[in-house]
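What follows is a single structure, written as structure tokens, with notes after it.
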Amino acid sequence: MEIETSKNPLLLSKVEEPAKTPSGWRIIWRELVRDKVALLSLIFLVLITAFVYGISLFLDQEEIVTVDLFAIHQPPSADFWLGTDYGGRDIFGQLIIGTRNSLSIGILVTVMTGLIGIIFGMVSGYFGGAVDNIMMRIVDFFMILPFLMIVIVFVAIVPKYSILSFSLIMTAFLWMGKARLIRSKTLQERELDYVQASKTLGSSNFRILFTQVLPNLSSIIIVAMTLNLAANIGLESGLSFLGFGFPESTPSLGTLVSYARNPQTLQDRWWIWVPASLLILVLMLSINNVGQALKRATDARQRRG
Amino acid sequence: MSFLEVTDLKVHFPVKGGLFGRTVGHIKAVDGVSLSIEKGKTYGLVGESGSGKTTTGRAIIGLNNITSGKITFEGRDITNIRKVSKDIRKDVQMIFQDPYSSLNTKKRVIDIVAEPIRNYEKLTKAEETKRVQELMEQVGLSPESIYKYPHEFSGGQRQRIGIARAIALKPKLIIADEPVSALDVSVQAQVLNFMQDIQKELGLTYLFISHDLGVIKHMCDRIGIMYKGRYVEEGSPADIFNNPQHIYTKRLVAAIPDINPRNRAEHIKFRQEVRSEYEKSYDKYFNSEGLAYMLQPVSESHLVALPEKG
């Protein structure tokens, strides 16, 4: 039998074969392949991201946002592929850099809120009791703060801000939902026997949290972060549109759309705001499609693949 | 001094309610349990659901907080086992009831079985792999399967993985919390026999928690019967099965099905007799709260919860 043959050193060395890949990724992939819309969305997203980040390497933001009085409100032409705005600035360049900025902010905010939410939610849910109580009251406190008002004040008092500082201010008000989600899931997980087993095997609480519980939360985290990415891009564009986001010197999708607040631009100069609006729409739809497919992949009853 | 000695163990859970979540009462899950286990023996803890047998086991290994009482292991106080030194803690391990939830589904078998080894011993990757393969062999699983995930195994195989993890540190005492009740009957015997084999091989001591009297009879050298957090009877299998003294034990033993269909009518009659006796003499065996009395010795090895005479 096996017990006998495995004493053979030749057989033992066979075990050093490469480890099997986790089946989770395969499930996600199957789900994406089955859902053609989601697959197309994913391809589109990858292409857009690669394109935007690739091209923006060769573009100089300073040069693009420099006012050129001789080229105001040019319609699309060979020189300016998507025309120019009221400062004679190339819309195509602004679109590329703006998409890059918007994507960067979306990703940065998603990752930062995710990290804070995961750590906060897991600690709160795992330890429970008084710790949970105090931490959730902190969450409640942040929840009731008027997000928009504080962002407006922030924009007013900070004269010049970068992608990072803008992401930080957004993160400060957007991590609570994730913390609550992760907490509720951790509350479920900690009651399971494998956590108890780890305790009896001498693992420390933090070790259990990050090596045992975290992998079991991975699917819900991936789904929540993907869907959040779309929301965060939308939020940044919305703030910029209202004039509380980036100034014109740092183009983003929102600043381009906000040019449409000028009725003349809205009516006669479509090239300024239509591409950016379409891009926002398509980006958010695509991310959502992928997110929905991921969501289905985590729930065996909803899977199509 | 016996190997494991539990003295007057109490585990009470507070009941929160009312305004501001005040403690309005206590559930006495375990209420004054004393037991002692000798080295290399198997001690069986039987009782119905909610009788506190699992809580007793979990309290010993530190998964439930102990309200009062004392636990000594090889003469050392381990009442607060999560705080005592590591080398004692690794001597007490546990096998869980549910082989599905007790193995982390996101981990490979090598990570599951190596978890205690990584916590207590510093081994290189190669040594660790070898050790896990040896353990897998010991529990009768193919050493090549260490890179598989738990869902690729059957229930019985998963329980063996759980056992491999529990014996990885060469413990002295294993608390087996209904280790076979989630398994198919055909697999139960297989796992039980295997547990007896490794007991002989490694000189293990078991605290075997079960509600299945047949399993207990097969496995144990000494049996304690619990009801509502207290002992009603304790003794050797012969004492319990051939000479039950407490009415609760009598009913339990009478409830064991008789395989021979010819005795069926007789068995039913016997069961009904015991039942009417139970109803008649309930007040004699239980106090006004419906709890069992303190244990009184009736013979050298046999203790029964009877009201004090006189």
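The values are calculated or read from the model by the stated rules, or taken from the named source; none is laboratory data. It should be emphasised that the depicted structure is a prediction, and the values quoted were computed from it without experimental measurement. A quick note on method: Cβ atoms are made from the backbone with ideal geometry, for glycine too, and the neighbour counts reach across all protein chains shown.
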> Is there a residue being touching a helix residue (DSSP H, G or I) at 6+ places or on another chain (Cβ under 6 Å) and part of a loop (DSSP other than H, G, I, E, B) anywhere in the stretch B:195-214?
Replying inline: no
>> Regarding the stretch B:115-122, can at least one residue be identified that is buried (at least 21 other Cβ atoms within 10 Å of the Cβ) and within 8 Å of chain A (Cβ to nearest Cβ)?
In response: yes
> Can you tell me which of B:VAL109, B:VAL84 is more than 9 Å from every other protein chain (Cβ to nearest Cβ), surrounded by fewer than 18 Cβ atoms within 10 Å (Cβ to Cβ) and not polar (S, T, N, Q)?
Replying inline: B:VAL84
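Could you identify the single residue in A:SER258, A:SER286, A:SER249, A:SER277 that is of a type in the set (Ser, Thr, Tyr), in a loop (DSSP other than H, G, I, E, B) and touching a residue at least 12 places away in the same chain (Cβ under 8 Å)?
A:SER249
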> Would it be correct to say that B:ILE161 is buried (at least 22 other Cβ atoms within 10 Å of the Cβ) and either at the interface with chain A (Cβ under 10 Å from one of its Cβ atoms) or under 25 Å from B:SER51 (Cα atoms) (or both)?
Replying inline: no
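Going by the structure shown, is A:SER124 at pLDDT 85 or above, touching a helix residue (DSSP H, G or I) at 6+ places or on another chain (Cβ under 7 Å) and over 28 Å from A:LEU57 (Cβ atoms)?
Judged against the criteria, A:SER124 is a match.
From the list A:LEU187, A:LEU235, pick out the single residue that is more than 14 Å from chain B (Cβ to nearest Cβ), surrounded by fewer than 19 Cβ atoms within 10 Å (Cβ to Cβ) and either among the aliphatic types (A, V, I, L, M) or not in a helix (DSSP H, G or I) (or both).
That would be A:LEU187, the only listed residue that is more than 14 Å from chain B (Cβ to nearest Cβ), surrounded by fewer than 19 Cβ atoms within 10 Å (Cβ to Cβ) and either among the aliphatic types (A, V, I, L, M) or not in a helix (DSSP H, G or I) (or both).
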> Among (1) without any contact (Cβ under 8 Å) to a residue 12 or more places away in the chain; (2) among the hydrophobic types (A, V, I, L, M, F, W, C); (3) under 17 Å from B:SER301 (Cα atoms), which single condition is B:ILE37 missing?
Replying inline: (1)
> Quick one: what pairs do we get from the stretch B:226-247, first residue free of Cβ contacts under 8 Å to residues at least 12 places away in the same chain, second surrounded by fewer than 24 Cβ atoms within 10 Å (Cβ to Cβ) and in a helix (DSSP H, G or I), C-beta under 7 Å, 6+ apart or different chains?
Replying inline: B:PRO244/B:LYS250; B:PRO244/B:VAL253
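Being in contact (Cβ under 8 Å) with a residue 12 or more places away in the chain, of a type in the set (S, T, N, Q) and in a loop (DSSP other than H, G, I, E, B) narrows it down to one of B:SER288, B:SER299, so name that one.
Within the list B:SER288, B:SER299, the selection yields B:SER299.
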> Out of curiosity, is B:LYS148 at positive phi, in contact with a helix residue (DSSP H, G or I) (Cβ under 7 Å, 6 or more places away or on another chain) and either modelled with pLDDT under 90 or more than 9 Å from every other protein chain (Cβ to nearest Cβ) (or both)?
Replying inline: no
> Is it true that some residue in the stretch B:276-297 is in the same structural domain as B:GLY32 (by TED's automatic domain parsing) and among the acidic types (Asp, Glu)?
Replying inline: no
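Yes/no matrix, rows are residues, columns are (1) surrounded by 13 or more Cβ atoms within 10 Å (Cβ to Cβ); (2) within 19 Å of B:MET226 (Cα to Cα); (3) modelled with pLDDT under 90:
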| site | (1), (2), (3) |
| --- | --- |
| B:GLN245 | yes, yes, yes |
| B:ILE256 | yes, yes, yes |
| B:PRO261 | no, no, yes |
| B:GLU266 | no, no, yes |
| B:LYS280 | no, no, yes |
| B:ASP283 | no, yes, yes |
| B:PHE286 | yes, yes, yes |
| B:GLU289 | no, yes, yes |
> Within the stretch A:190-232, how many residues turn out to be crowded, with 23+ Cβ neighbours inside 10 Å and at the interface with chain B (Cβ under 7 Å from one of its Cβ atoms)?
Replying inline: 6
> Just checking, how many residues over the stretch B:91-104 are more than 7 Å from chain A (Cβ to nearest Cβ) and outside any strand (DSSP E or B)?
Replying inline: 4
